[in-house]
Amino acid sequence: MDALDRVVKPKTKRAKRFLEKREPKLSENIKNAMLIKGGNANATVTQVLRDVYALKKPYGVLYKKKNITRPFEDQTSLEFFSKKSDCSLFMFGSHNKKRPNNLVIGRMYDYHVLDMIELGIEKFVSLKDIKNSKCPEGTKPMLIFAGDDFDVTEDYRRLKSLLIDFFRGPTVPNIRLAGLEYVLHFTALSGKIYFRSYKLLLKKSGCRTPRIELEEMGPSLDLVLRRTHLASDDLYKLSMKMPKALKPKKKKNISHDTFGTTYGRIHMQKQDLSKLQTRKMKGLKKRPAERITEGQEKKAKRIKKN
């Protein structure tokens with residue numbers, strides 16, 4: 001049995017708290033990412049990993065030593081590191097003659113590789129090369145995806161889901177306008193993926209809503225899709241399953257449209273419009289003769305019923 005797989009009984013309170021943090025929860029912790037350098041990574045791949053780690057801080061772990069592994073052939077080392085560092089996302093960088101400047105981005109389910117996609121770096125501009133002010137650590141980015149391929153092709157659709165998982169950061173209930181500081185833009189065009197990072201500048205516009213300008217912050221990457229290892233539909237569906245305790249209970253006679261507007265249906269008894277209170281006018285008052293005839297008609301109906 002593997003040392004990480006055996007049942008460990010905590011001997012101290014600190015160890016008990018550590019194990020409780022890793023227990024399954026209804027609302028899971030923020031997904032951490034590990035960035036691993038391959039055995040033959042060059043300077044470009046190493047700098048890409050450093051820049052991505054700068055964007056992911058503090059929800060990332062950067063391994064500085066080289067690790068000789070091939071994710072598409074043997075995934076045991078990735079699963080070992082995932083369990084050791086409690087990371088459900090990973091990025092692996094390598095370089096060789098057949099696949100130069102190679103990146104593998106993937107995610108785990110139950111400490112096993114769910115799906116991973118291999119990308120080739122064709123052009124790279126580092127954070128250091130763009131001399132602009134940077135965003136503070138831990139800032140939640142806005143994600144924009146442009147291109148029909150992200151909605152049409154299955155590989156690109158899964159890549160979009162993977163990139164959202166990787167860069168989304170913590171889930172927040174409210175958003176402050178001043179907290180929207182930078183944008184990650186992904187464009188799929190002509191078989192390539194263009195990754196750009198912009199800082200958001202709020203300028204005076206003369207009204208309450210500020211004028212927005214984008215300033216390139218870096219890193220900037222031109223990527224090409226290479227190999228893919230995608231989970232089966234059943235396994236992917238299982239990984240997306242929501243616990244029963246978190247599922248919203250259905251409320252009767254309440255529906256929502258695509259814009260989030262809530263509609264309610266009210267069931268009422270049949271109304272007698274003759275008893276409806278209207279505006280009192282002298283012209284609508286009944287005459288004494290009409291009242292007498294109405295009273296006689298009601299008496300006649302009661303006699304018939306009896």
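The values are calculated or read from the model by the stated rules, or taken from the named source; none is laboratory data. What you see is a predicted model; the values in this text were computed from it and never measured. Every residue, glycine among them, receives a Cβ derived from its backbone with ideal geometry; neighbour counts consider all protein chains shown. Just so you know, the surface numbers come from the protein's heavy atoms only, side chains and all, with ligands and any DNA or RNA stripped out. Shrake-Rupley method; radii C 1.70, N 1.55, O 1.52, S 1.80 Å.
Once a ≥ b ≥ c are taken as the square roots of the eigenvalues of the Cα gyration tensor of the chain, is the result rounded (a/c under 1.5), prolate (a/b larger than b/c) or oblate (a/b not larger than b/c)?
Working: a/c = 3.12, a/b = 2.19, b/c = 1.43.
Prolate is the answer for the chain, as a/c is 1.5 or above and a/b outweighs b/c.
Restricting to DSSP H runs of at least four residues, report the calculated mean residue ellipticity at 222 nm for the chain, -39500 (n - 2.57) per run over all residues, nearest 500 deg cm²/dmol. Walk me through the intermediate numbers first.
Numbers: 7 runs with 77 residues, N = 306.
Value at 222 nm, helices only: -7500 deg cm²/dmol.
Considering only protein heavy atoms, what per residue accessible area in square angstrom results for the chain with a 1.4 angstrom probe?
Details: 22380 Å² over 306 residues.
Ligands and nucleic acids excluded, the result is 73 Å² per residue.
Based on a Kirkwood Rh over C-alpha pairs, give the Stokes-Einstein translational diffusion coefficient of the stretch 102-162 at 20 °C and viscosity 1.002 mPa s in µm²/s. Before the final figure, lay out the partial values.
Working: Rh = 14.7 Å.
Estimated diffusion coefficient is 146 µm²/s.
Restricting the count to DSSP beta bridges whose residues both fall in the stretch 1-110, what percent are antiparallel, rounded to a multiple of 5? Numbers along the way, then the final one.
Working: 6 of 16 bridges.
Beta bridges within the stretch 1-110, antiparallel portion: roughly 40 percent.
Where both residues lie in the stretch 89-187, what percent of DSSP beta bridges are antiparallel, nearest 5?
Details: 14 of 19 bridges.
Here the antiparallel bridges make up roughly 75 percent for the stretch 89-187.
Going by average Cβ neighbours within 10 Å, how do the peptides 191-198, 294-301, 249-256 rank, with the highest at the top?
The peptides rank, most packed first, as 191-198, 294-301, 249-256.
In whole Hz, with x marking every Gly and Pro, tabulate ³J(HN,Hα) for the stretch 238-251 from phi via Karplus 6.51 cos²θ - 1.76 cosθ + 1.60, θ = phi - 60°.
Going residue by residue, I get 5, 5, 8, 5, 9, x, 4, 5, 8, 5, x, 6, 6, 9 Hz, with x marking Gly and Pro.
Measuring from the lowest to the highest alpha carbon on each principal axis, how far does the stretch 108-227 reach, largest first, in angstroms?
Principal extents (Cα only, largest first): 49, 34, 28 Å.
Give me the extension gain from Ala43 to Asp165: residue separation times 0.36 nm, minus the current Cα-Cα distance, reported in nm with one decimal. Each step should come with its number before you reach the end.
Values: separation 122, 0.36 × 122 = 43.92 nm, distance 2.66 nm.
My answer for the length gained is 41.3 nm.
Taking a ≥ b ≥ c as the square roots of the eigenvalues of the Cα gyration tensor of the stretch 36-185, is the shape rounded (a/c under 1.5), prolate (a/b larger than b/c) or oblate? Don't jump to the answer; show the numbers that get you there.
Values: a/c = 1.43, a/b = 1.32, b/c = 1.08.
It is rounded, given that a/c, with a ≥ b ≥ c, falls under 1.5.
Rounded, prolate or oblate: which fits the stretch 154-306, taking a ≥ b ≥ c as square roots of the Cα gyration tensor eigenvalues, rounded meaning a/c under 1.5, else prolate when a/b beats b/c?
Numbers: a/c = 4.93, a/b = 2.43, b/c = 2.03.
Prolate, because a/c is 1.5 or more and a/b exceeds b/c.
Which of Lys9/Lys247; Lys13/Lys140; Lys11/Lys84; Lys25/Lys134; Lys16/Lys83 have a Cα-Cα distance over 24 Å?
On the way: Lys9/Lys247 33 Å; Lys13/Lys140 33 Å; Lys11/Lys84 19 Å; Lys25/Lys134 35 Å; Lys16/Lys83 17 Å.
Violating the 24 Å Cα-Cα cut-off are Lys9/Lys247; Lys13/Lys140; Lys25/Lys134.
Just going by the charge dipole of the stretch 193-240, with Lys and Arg at +1 and Asp and Glu at -1 on Cβ, which of Leu201, Tyr236, Met217 is farthest out on the positive end?
Comparing the listed Cα positions along the dipole, Leu201 ranks first.
Packing-wise, with mean Cβ within 10 Å as the measure, how do 143-150, 32-39, 108-115, 260-267 rank, highest first?
On the way: 143-150: 15.6, 32-39: 20.8, 108-115: 17.1, 260-267: 7.5.
Descending packing order for the listed peptides: 32-39, 108-115, 143-150, 260-267.
Report the net charge of residues surrounding Asp151, where surrounding means a beta-carbon distance below 13 angstrom and charges are Lys +1, Arg +1, Asp -1, Glu -1.
Numbers: positive: Arg157, Arg158, Lys160; negative: Asp148, Asp149, Glu154, Asp155.
Net charge around Asp151: -1.
How much of the DSSP bridge set in the chain is antiparallel, in percent, rounded to the nearest 5?
Values: 43 of 58 bridges.
In the chain, approximately 75 percent of DSSP beta bridges are antiparallel ones.
Quantify, in whole percent, the carbon and sulfur part of the accessible surface of the stretch 222-306 (1.4 Å probe; protein heavy atoms only).
Values: 5050 of 9220 Å².
Reported share for carbon and sulfur atoms: 55 percent.
Can you run phi through the Karplus equation (6.51, -1.76, 1.60; θ = phi - 60°) for the stretch 134-145 and list ³J(HN,Hα) in whole Hz, with x for Gly and Pro?
Result, ordered by residue: 9, 7, x, 5, x, 6, 7, x, 9, 10, 10, 10 Hz.
Viscosity 1.306 mPa s, temperature 10 °C: Stokes-Einstein D of the stretch 65-119 from its Kirkwood Cα radius, in µm² per second?
Numbers: Rh = 11.6 Å.
The calculation lands on 137 µm²/s.
In the stretch 60-169, which trypsin sites (Lys or Arg not before Pro) are in a loop and have at most 13 other Cβ atoms within 10 Å, using DSSP for the loop call? Please report the intermediate quantities before stating the final value.
On the way: sites: Lys64, Lys65, Lys66, Lys83, Lys84, Lys97, Lys98, Arg107, Lys123, Lys128, Lys131, Lys134, Arg157, Arg158, Lys160, Arg168; in loops: Lys97, Lys98, Lys128, Lys131, Lys134, Arg168.
Answer by residue number: Lys97, Lys98, Lys128, Lys131.
How do 211-217, 235-241 rank on mean C-beta neighbours within 10 Å, highest first? Mind dumping the intermediate values first?
Details: 211-217: 13.6, 235-241: 11.7.
In decreasing order of mean packing, 211-217, 235-241 become 211-217, 235-241.
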